[in-house]
1. State all residues of segment 1-34 that are within 27 Å of GLU237 (Cα to Cα), of a type in the set (Gly, Ala, Ser) and in contact with a Ser or Thr (Cβ under 8 Å, 6 or more places away or on another chain); if no residue qualifies, say none.
2. So, in segment 111-139, exactly how many residues are surrounded by 18 or more Cβ atoms within 10 Å (Cβ to Cβ) and either touching a Lys or Arg at 6+ places or on another chain (Cβ under 8 Å) or modelled with pLDDT under 95 (or both)?
3. From the set of residues in segment 94-118 that are free of Cβ contacts under 8 Å to residues at least 40 places away in the same chain and assigned to a strand (DSSP E or B), which is farthest from ligand 2 (Cβ to nearest atom)?
4. Among the residues that make up segment 159-178, is at least one of them within 14 Å of ligand 2 (Cβ to nearest atom), closer than 29 Å to GLY25 by Cβ and modelled with pLDDT of 95 or more?
5. Under the condition of being touching a residue at least 40 places away in the same chain (Cβ under 8 Å), away from ligand 2 (no atom under 13 Å from the Cβ) and of a type in the set (Ser, Thr, Tyr), which residue from segment 179-211 is farthest from LEU141 (Cα to Cα)?
6. From (1) touching a residue at least 12 places away in the same chain (Cβ under 8 Å); (2) in a helix (DSSP H, G or I), pick out the condition that doesn't hold for GLN28.
7. Kindly state which strands (runs of 3 or more DSSP E) lie completely within segment 161-224 and contain at least 1 residues that are under 20 Å from GLN92 (Cα atoms) and in contact with a Phe, Trp or Tyr (Cβ under 6 Å, 6 or more places away or on another chain).
8. Of all the residues that make up segment 42-93, how many are in a loop (DSSP other than H, G, I, E, B), on the phi < 0 side of the Ramachandran plot and not polar (S, T, N, Q)?
Amino acid sequence: MSLDWGYTDDNGPSTWAEKYPLAAGARQSPVDIDTSKATSDNSLVDREIDWSYPSNCSYRIVNTGYGWRVDTYGDDTALSGGPLSEVYKLEQFHCHWGATNDEGSEHTVDGKSYAAELHLVHWNSEKYSSFKEAASQPDGLAVLGVFMEIGNADNAELEKIISLIPKIIHKGQDSQASFDLDFGSLLPESKHYWTYLGSLTTPPCNECVIWTVFKEPITISERQLEVFRSLKSVGEEDAIEPEEGKLVKNYRPPLPLGNRVLRECGP
Ligand SMILES: NCCOCCOCCNC(=O)c1ccc(S(N)(=O)=O)cc1
Ligand SMILES: [Zn+2]
């Protein structure tokens, strides 16, 4: 069964606009962050971006066929401040990576790719009544982007997620984790970031995201990244060769920033 969209030559990002016209819009994500174009903005400094995630969150991890996604039960989560005018709730987080370590992130910085990029997806629960409704609004979602660079496997929360991946190798498999996660530990120490108005980076590419991309990366080890690449984009029942269907690449290359403003908070 051929996929509607994906990351191969015949269904990848350059073909998405054929079936998903929003993908050809002027407010698309990701973008290359040209640091010389970033403008600092006192209003961002005055209202520090703030998140509160309980340290004992239960969650479900699922293989979407495009990667892994942790569905959080966002009740007592909150993201506010910085570029946000309302309080947003955490809906899910997931990751994008590439076949080799010199690619994989979606956003790039002065043309540089990182090995992977983590996205924490929040929705404006102050203005809208559901994630789905928020995803059709220009200020509906707030996504935190965290670059991941190759280094030591010293993030315990990331290791907990990776320990679950062998249970969800095939598309559609999920695992209700028996231990809690501290989502906040997946964020870098520094709160310095760039922010701009963009979109979902996968179809339907709705232009509904206020993006906040942290300047400081977190580290992931080669072994941990190899575990990501062991995920399969096909279900267990799809009889294919063992090496086929591996999810080695699930990132969209950058789109033009155009006349959008790129703001930064912190050096
Ligand atoms: N089907 C009706 C329209 O639905 C619009 C919402 O799309 C729902 C599925 N996609 C997502 O939730 C979704 C969420 C985050 C990101 S990303 N990579 O931009 O963080 C990409 C996609
Ligand atoms: Zn994403």
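The values are calculated or read from the model by the stated rules, or taken from the named source; none is laboratory data. Note that the structure is predicted; figures quoted are calculated from it, not measured. When we count neighbours, we look across all protein chains shown, and the Cβ atoms used for this are built from the backbone with ideal geometry, even at glycine.
1. Selection gives GLY6 alone.
2. Of the residues in segment 111-139, 5 are surrounded by 18 or more Cβ atoms within 10 Å (Cβ to Cβ) and either touching a Lys or Arg at 6+ places or on another chain (Cβ under 8 Å) or modelled with pLDDT under 95 (or both).
3. Per the stated criteria, the residue is LYS112.
4. There is no residue in segment 159-178 that is within 14 Å of ligand 2 (Cβ to nearest atom), closer than 29 Å to GLY25 by Cβ and modelled with pLDDT of 95 or more.
5. Among those residues, the one meeting the criterion is SER190.
6. (2)
7. So the answer is 193-198, 209-214.
8. So the answer is 11.
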